[in-house]
Amino acid sequence: MRKSIVATVAALSLAGIGTGAVIAAAQPAPPPRGPEAGAPWGPPHHRPEWREWMHRMREGRGPVEPGAFALIYRHEDRQLTPPDVQKIAEAFLLWQGNHTWKVVDVGPAQDGGIGFALATPEGSVVARFTMDPHSGQVKRAG
């Protein structure tokens with residue numbers, strides 16, 4: 001009885017060693033990715049979550065849950081004025097967590113939109129934008 005147990009343990013040990021050797025030699029580890037290889041999932045516009053985010057933005061849902069403001073009706077013509085555009089741009093900065101930049105130079109633009117600029121606390125302009133007073137669409141102007 002003792003000889004059969006020893007033989008079984010020896011056979012299992014040899015089988016385990018043989019299996020481990022086969023697995024170890026089966027496939028070498030891939031070389032490490034260098035910094036020039038980029039992210040393993042590809043460029044940002046190929047990520048599935050990016051498409052979902054864009055789909056939500058097109059539907060007007062954005063980062064807020066769809067039912068959060070269900071009682072507010074979205075008008076076709078928003079009839080935005082320069083003070084409205086300034087409030088929207090300031091709210092955008094706050095939404096992004098930026099409490100230092102200012103909205104400056106708010107007024108009518110040449111293309112019929114309302115122009116505004118984002119500036120640092122010292123007053124240097126970072127970027128200029130125009131907002132369509134009817135649709136609320138923002139375009140970078142400079």
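The values are calculated or read from the model by the stated rules, or taken from the named source; none is laboratory data. Keep in mind the model is a prediction, meaning the values are calculated, not measured.
For Gly60, are the conditions met, namely being on the phi > 0 side of the Ramachandran plot and either modelled with pLDDT of 65 or more or part of a loop (DSSP other than H, G, I, E, B) (or both)? Please lay out each step first, then the result.
Working: on the phi > 0 side of the Ramachandran plot: yes; either modelled with pLDDT of 65 or more or part of a loop (DSSP other than H, G, I, E, B) (or both): yes.
The answer is yes for Gly60.
Inspect all residues belonging to the stretch 81-90 and state whether any of them is hydroxyl-bearing (Ser, Thr, Tyr) and under 28 Å from the mean Cα position of the chain (by Cα).
Checked the stretch 81-90: no residue is hydroxyl-bearing (Ser, Thr, Tyr) and under 28 Å from the mean Cα position of the chain (by Cα).
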